[in-house]
Amino acid sequence: MTQQIRTYSQTEQAAHKSRGSYRLFWYIMTPVLVGIFIWLTVSPYGLWKLYKMRQHRDALYQANVAAIKKNTELEENIKRIKTDPVFQEKVVRKTLGWVKPNEILYVFKKKEKK
């Protein structure tokens, strides 16, 4: 058996070298890209932090909407108290427990649940 030694042309040698450098490039770049991906997802400035910040922003927005709604209700009550004598009487009787002359107020105790 005779072994044949194959000789490569210069273009084949260049192609073989470029394949090797291509592999080396990906052997180096793969861990770098994986590291960048991990950094972008779980770092202090990553996607997870962005997701949590958006959730916090949405919760603050909902609280703000609720506070605005409560504020408008209170403003309407203030206007009614200033202008409506019947509403004034109702509020005073309910909150302060006031009664008219010769009027008896019955206060019933609530039953405790066992």
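The values are calculated or read from the model by the stated rules, or taken from the named source; none is laboratory data. Predicted model, so just to flag it, every value in this text is computed and none were measured. Here the Cβ positions follow ideal geometry from the backbone for every residue, glycine too, while neighbour counts run over all protein chains shown.
The set of residues in the stretch 45-71 that are exposed (fewer than 10 other Cβ atoms within 10 Å of the Cβ) and in contact with a helix residue (DSSP H, G or I) (Cβ under 6 Å, 6 or more places away or on another chain) is empty. Selection of the stretch 72-91 for residues being surrounded by 11 or more Cβ atoms within 10 Å (Cβ to Cβ), over 42 Å from the mean Cα position of the chain (by Cα) and in a helix (DSSP H, G or I) yields Q88, E89, K90. Scanning the stretch 1-44 for residues that are surrounded by 10 or more Cβ atoms within 10 Å (Cβ to Cβ), assigned to a loop (DSSP other than H, G, I, E, B) and at pLDDT 70 or above returns a single hit, S43.
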